[in-house]
Amino acid sequence: MFIQGISLAPDNFNRTSPFVTPRPSPLDTNGSLFLSGFHLGAEWQW
């Protein structure tokens, strides 16, 4: 599954100190995410 246009936390972290200057709070929604996985399961009962 591939998702585009999401807001990821590392892209929106503002490293500027709030005590030195006023910080802008832009929201970066240009992130993308790729999810892949495989699941195999089995159940056994005596």
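The values are calculated or read from the model by the stated rules, or taken from the named source; none is laboratory data. These numbers come from a predicted model, not from an experiment. Don't worry about glycine lacking a Cβ; one is built from the backbone with ideal geometry, like all the others, and counts go over all protein chains shown.
Results, tabulated for the structure shown:
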| quantity | calculated |
| --- | --- |
| Selection from the range 1-12 of residues that are at pLDDT below 80 and out of contact with any Leu (no Cβ under 8 Å at 6 or more places or on another chain) | D11 |
| Single residue of the range 26-46 satisfying the filter (in a loop (DSSP other than H, G, I, E, B) and surrounded by 10 or more Cβ atoms within 10 Å (Cβ to Cβ)) that is modelled with the highest pLDDT | N30 |
| Of all residues making up the range 1-25, the number that are free of Cβ contacts under 8 Å to residues at least 12 places away in the same chain and assigned to a loop (DSSP other than H, G, I, E, B) | 13 |
| Scope the range 32-46; condition aliphatic (A, V, I, L, M) and within 30 Å of S7 (Cα to Cα); matching residues | L33, L35 |
| Inter-residue pairs, beta-carbon under 8 Å, first closer than 30 Å to A9 by Cβ and in the range 28-46, second of a type in the set (S, T, Y) and surrounded by 10 or more Cβ atoms within 10 Å (Cβ to Cβ), 6+ apart | D28/S7; T29/S7; G31/S7 |
